[in-house]
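Participant: Before I ask anything, here is the structure I am working with.
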Amino acid sequence: MRTPNQVVGERLRTLRNSRRLSQSDLAERVRALGVKIQYNGVGSRERGATALSPSELFAFAYALDTSPL
């Protein structure tokens, strides 16, 4: 059974890939919104190894032009 972090991470990866963004590109967009993250932090969240904080969730959603839901 997948954990909630893994489910969110898989969705994050799917959205990033559908927009043809690299992990570095996405990290740059999220940093521009004031959230400190490196490209390897994107990968960690996509694998579900690191949970997204509420502010990260909203920043990722905005950076990917989608709803945080």
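The values are calculated or read from the model by the stated rules, or taken from the named source; none is laboratory data. What you see is a predicted model; the values in this text were computed from it and never measured. Ideal geometry is used to build each Cβ from the backbone, glycine not excepted, and the neighbour counts take in all protein chains shown. Ligands, DNA and RNA are stripped out before the accessible areas are found, and what is left, the full protein with its side chains, is counted by its heavy atoms. Shrake-Rupley method; radii C 1.70, N 1.55, O 1.52, S 1.80 Å.
Participant: Please give the helices (runs of 4 or more DSSP H) falling wholly within the chain in which 2 or more residues are aliphatic (A, V, I, L, M). Break it down stepwise before answering.
Facilitator: Working: elements: 4-18, 23-32, 39-47, 54-63.
Here the list reads 4-18, 23-32, 54-63.
Participant: Additional query: What number of residues within region 55-69 satisfy the criterion of being more than 8 Å from the chain's Cα centre (by Cα) and open to solvent by 40 Å² or more (accessible area, probe 1.4 Å)?
Facilitator: The qualifying residues number 8.
Participant: Here is a follow-up. When you scan region 1-52, how many residues do you find that are free of Cβ contacts under 8 Å to residues at least 12 places away in the same chain and of a type in the set (Phe, Trp, Tyr)?
Facilitator: 0
Participant: If you take the residues in region 4-54 that are in contact with a helix residue (DSSP H, G or I) (Cβ under 9 Å, 6 or more places away or on another chain), polar (S, T, N, Q) and more than 16 Å from PRO68 (Cα to Cα), which one is least open to solvent (accessible area, probe 1.4 Å)?
Facilitator: SER44
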